[in-house]
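Report on one structure; see the data block that follows.
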Amino acid sequence: MDFAPYIASLQDRIKRLEEDFARMITEEHEREERMEEKHALLRRERERFHEEIRTTEKQLMALMKETEQLVHAFKTATRQKEFSRLKQRVEAWKGERFLTRHELKRMIGDAP
């Protein structure tokens with residue numbers, strides 16, 4: 001019995017399997033590199049997002065402080081009745097309607 005063709009066939013199959021294995025390993029390394037790049041990109045974006053949140057929080061805190069200072073200034077600069085009317089207006093304020101300077105001047109001017 002001649003085993004040479006069978007052995008040659010096995011060697012050819014082993015060679016193809018080794019090539020397929022090497023290709024799969026290469027593809028896996030490339031996939032890992034892409035995942036690491038994507039991970040690094042997402043980490044940088046997350047850090048940038050958190051920095052934007054911190055900046056926004058600082059701006060919001062500054063705005064709140066300015067608002068408190070403005071309210072304090074109104075309390076000390078206006079008569080109690082005028083402040084009471086302004087307080088009622090602010091409490092009735094709706095998010096979709098803002099108090100303009102003209103309206104504020106008119107309200108202060110209308111106060112007895």
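Some observations on this one:
- Approximating the spin labels as points 7 Å out from Cα along Cα→Cβ, the Arg101-to-Lys58 distance works out to 2.8 nm.
- Remark: the Ser84-Met1 segment gains 18.7 nm on full extension, using 0.36 nm per residue and subtracting the alpha carbon distance.
Each value in this text was obtained by applying a stated rule to the coordinates, not by laboratory testing. Quantities reported herein were computed from a predicted structural model and do not represent experimental measurements. Heads up, the Cβs are rebuilt from the backbone with ideal geometry, glycines too, and the neighbour counts pull from every protein chain shown.
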